[in-house]
Amino acid sequence: MSNSKSPAAKAARYTITAALPYTNGPVHIGHLAGVYVPADIYARYLRIRGNDAIFICGSDEHGVPITITAKKEGVSPQDVVDKYHAIIKKSFEDFGISFDNYSRTSAEIHHKTASEFFRKLYDEGKFIEETNEQLYDEEANQFLADRFVVGTCPKCGNEESYGDQCEKCGTSHNATDLINPKSAITGNVPTKKLTRHWYLPLEKYEKWLREWIVEGHKNDWKSNVLGQVKSWLDDGLKPRAVTRDLDWGIPVPIEGAEGKVLYVWFDAPIGYISSTKEWAAREGKDWEPYWKDKDTKLIHFIGKDNIVFHCIIFPAMLKAEGTYILPENVPANEFLNLEGNKISTSKNWAVWLHEYLEDFPDKQDVLRYALTANAPETKDNDFTWKDFQARNNNELVAIFGNFINRVVVLTDKYYNGIVPEPHEISDIDNETLEKLQKFPSIISNSIDRYRFREASQELLNLARLGNKYLADEEPWKVIKEDEERVKTVMYVALQIATALAVLSEPFLPFTSVKLKKILNIKSNTLLWSDVEDKEELLSPNHQIGKGELLFAKIEDSEIEAQLAKLEATKLANIFENNVAEPQKPTIEFDDFTKLDIRVGTIIDAVKVPKTKKLLQLKVDVGIDVRTIVSGIAESFNPDDIIGQKVTVLVNLAPRNLKGIESMGMVLMTNTPDGKLAFIEPENDSVANGEQIS
């Protein structure tokens, strides 16, 4: 039995955490693919195997970006977090993310837990206290927390780096390290002012971290996680502030720390613990074994931007506290891009979960499957609406749904929906049933190694097995000559359908519920291990229910609507971010009168050989027809601009371009999307040669 061999059987209990979503905006597909879908697959898988597992999360509601949003919107930070906490929580519920508890860091239990955690480390002398210079905005009359400072990254030169981390190169730094820092509140250049803070001396844990992760987990942690951890350790760890000068957050619980709060990176991971306490209090359980018993496995599901916090900082905090277990694994994913571009919440370049649920009602599992099958497990991947459509139509509909539909329709047609008694079991039947019984172990092997993409394809292979079996045995043909044989074929096919109902639950929970209803199977009556251990999953004479389509084809028009929405976003961003060039130096009227600008018409256009940008134009400017070489080939097809009215500077000194003498300049401007546009008279009747004044 695979239960005894699988790593999933080794722990007494599991604590699964998913990164706390930041309540500064809704959840998008990047968050789902990177964290929440794989975490939910894992949690559901453990439950259906009979493991004691809790799945913990909550909203991360402190930190500077929330205060920035509040200032922009003219509301309080609490208003901001209340709004997005509600949106995020409902989106997760509607999408079927099966948290055992979803809390929030503004909750009283979290404030108490984080304060006690800090106080214990403080009382035991685990922090160092320093007074040093921090950036200060004189006009705003406040210290500038990291996200209130923008400047040039000292490592890669990115001019839009934040004070704590450069999002371009991933380097962590202090705000005072930035080149040319500016306040994000007023735009002013900040001054420096002395302030006192408490720091966690990470360098003290460097040797231990290297032994624990880089050496101790080199064979079972993902290479992208190990690589990033090793890079941080090789660079050398430095003390990290655990407090900040801010009025939004958890007050530092010691005397003389008025006006200071716990730094959000310190309080947020403690949110896993406080959320577990909240769950335990509600369920009448003891929370401590889930965080302090060595027989518990703690697994953090995060995105790659959170690796440093969950593999270096939080473990160092837990080690310093002394009574907590450490994570067994941190299977961080890489990033998911959207239609070839990086997902950006500020630019609205995203597929938002709550909007998806409105646009595609009852299609939660389609998105779950598409994101799992294309998961960014080892490298950044790209989500495209066309791939989403293909995954649904060519895989879920054509393979999984098609098999179930055929089985249910034929069972209803031949036996009024009653599972037939098998007659004689042939070699092909035995071979098919043996293959069926191997799938739980095959899928488990992938899930236990956090290879959810691979596991999802193995689930589909089970549906493929069913389709091949039916195609080979052709019950619709055999029924005419051997009714007993068809009873066996349909019996075997129904065993495969039942296995799919069980094994699909972690990946396609809504589909699993539907399929169990169709097969008239009560929830939780079959476990994962039953698929490989039981000789029979669905007994003869069992009455199945009425069929319904598990998946519906997604039409081109639905996909085009989503692409149009993204295109509208792209254009809106271009217009919003379009900044006019500053005015050139003032000229005298006499300078302007020297320019002879006339209306003309392009009468011929050809590409200049061996160039990308140049077109050779013949332009009738009224006084003559002249050759003009113009760098517009990337914006216009030569044939499309013949007959185009243009504006020409005719008295520009001739220039030799690629051996062609150019006699003038066609006046152009840029469109918001970076293309060129002609400056032309509004009235087509304006004659060639007319002067512009």
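The values are calculated or read from the model by the stated rules, or taken from the named source; none is laboratory data. Note that the structure is predicted; figures quoted are calculated from it, not measured. With ideal geometry, Cβ positions are generated from the backbone for all residues, glycine too; neighbour counts draw on all protein chains shown. All accessible areas refer to the heavy atoms of the entire protein, side chains included, with ligands and DNA or RNA removed. Shrake-Rupley method; radii C 1.70, N 1.55, O 1.52, S 1.80 Å.
Key figures for this structure:
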| read-out | value |
| --- | --- |
| Members of the stretch 136-168 that are in contact with a Cys (Cβ under 7 Å, 6 or more places away or on another chain) and at pLDDT below 80 | LYS168 |
| First in the stretch 460-484 and among the β-branched types (Val, Ile, Thr), second anywhere and assigned to a helix (DSSP H, G or I), Cβ under 7 Å, 6 or more apart | VAL478/ARG485; VAL478/VAL486; ILE479/TYR414; ILE479/VAL486 |
| Scan of the stretch 648-673 for residues that are within 49 Å of the chain's Cα centre (by Cα), touching a residue at least 24 places away in the same chain (Cβ under 8 Å) and over 19 Å from ASP591 (Cα atoms), ordered by number | LEU657, LYS658, VAL666, MET668, PRO672, ASP673 |
| Test: THR372 is in contact with a helix residue (DSSP H, G or I) (Cβ under 8 Å, 6 or more places away or on another chain) and at pLDDT 95 or above | yes |
| Segments classed as strands (runs of 3 or more DSSP E), wholly inside the stretch 584-679, with at least 1 members that are farther than 20 Å from GLU690 by Cα and either out of contact with any helix residue (DSSP H, G or I) (no Cβ under 6 Å at 6 or more places or on another chain) or open to solvent by less than 60 Å² (accessible area, probe 1.4 Å) (or both) | 597-607, 615-620, 625-630, 655-657, 660-662, 668-670, 676-678 |
| Top-ranked residue of the stretch 233-249 - restricted to ones that are out of contact with any Gly (no Cβ under 8 Å at 6 or more places or on another chain), in a loop (DSSP other than H, G, I, E, B) and of a type outside the set (A, V, I, L, M, F, W, C), ranked as most open to solvent (accessible area, probe 1.4 Å) | LYS238 |
| Wholly enclosed helices (runs of 4 or more DSSP H) of the stretch 439-519 bearing at least 1 residues under 30 Å from ASN219 (Cβ atoms), among the aliphatic types (A, V, I, L, M) and at pLDDT 95 or above | 452-473, 483-503 |
| Answer residue from the stretch 22-38, given it is touching a strand residue (DSSP E or B) at 6+ places or on another chain (Cβ under 6 Å) and in a loop (DSSP other than H, G, I, E, B) and is surrounded by the most Cβ atoms within 10 Å (Cβ to Cβ) among those | THR23 |
| Selected residue [open to solvent by less than 10 Å² (accessible area, probe 1.4 Å) and modelled with pLDDT under 95] from ILE66, ILE41 | ILE66 |
| Qualifying residue in the stretch 359-374 (condition: in contact (Cβ under 8 Å) with a residue 60 or more places away in the chain, farther than 15 Å from ILE554 by Cβ and part of a loop (DSSP other than H, G, I, E, B)) | yes |
| Candidate set from the stretch 177-210 (those that are of a type in the set (Lys, Arg) and in a strand (DSSP E or B)); member that is surrounded by the most Cβ atoms within 10 Å (Cβ to Cβ) | LYS182 |
| Filter result for ILE343 (under 23 Å from PHE55 (Cα atoms) and open to solvent by less than 50 Å² (accessible area, probe 1.4 Å)) | no |
| First in the stretch 334-355 and in contact (Cβ under 8 Å) with a residue 12 or more places away in the chain and within 20 Å of LYS379 (Cα to Cα), second anywhere and in a loop (DSSP other than H, G, I, E, B) and acidic (Asp, Glu), Cβ under 8 Å, 6 or more apart | GLU334/GLU377; GLU334/ASP380; PHE335/ASP380; LEU336/ASP380; ASN337/ASP380 |
| Single residue of LEU526, LEU494, LEU500 found to be more than 20 Å from ARG391 (Cα to Cα), in contact (Cβ under 8 Å) with a residue 40 or more places away in the chain and either open to solvent by less than 30 Å² (accessible area, probe 1.4 Å) or under 32 Å from the mean Cα position of the chain (by Cα) (or both) | LEU494 |
| Boolean, ILE313 is open to solvent by less than 10 Å² (accessible area, probe 1.4 Å), under 21 Å from ASP52 (Cα atoms), out of contact with any Cys (no Cβ under 9 Å at 6 or more places or on another chain) and not in a loop (DSSP other than H, G, I, E, B) | no |
| Yes/no for VAL252 being at pLDDT below 95, aliphatic (A, V, I, L, M) and either under 32 Å from the mean Cα position of the chain (by Cα) or surrounded by 20 or more Cβ atoms within 10 Å (Cβ to Cβ) (or both) | no |
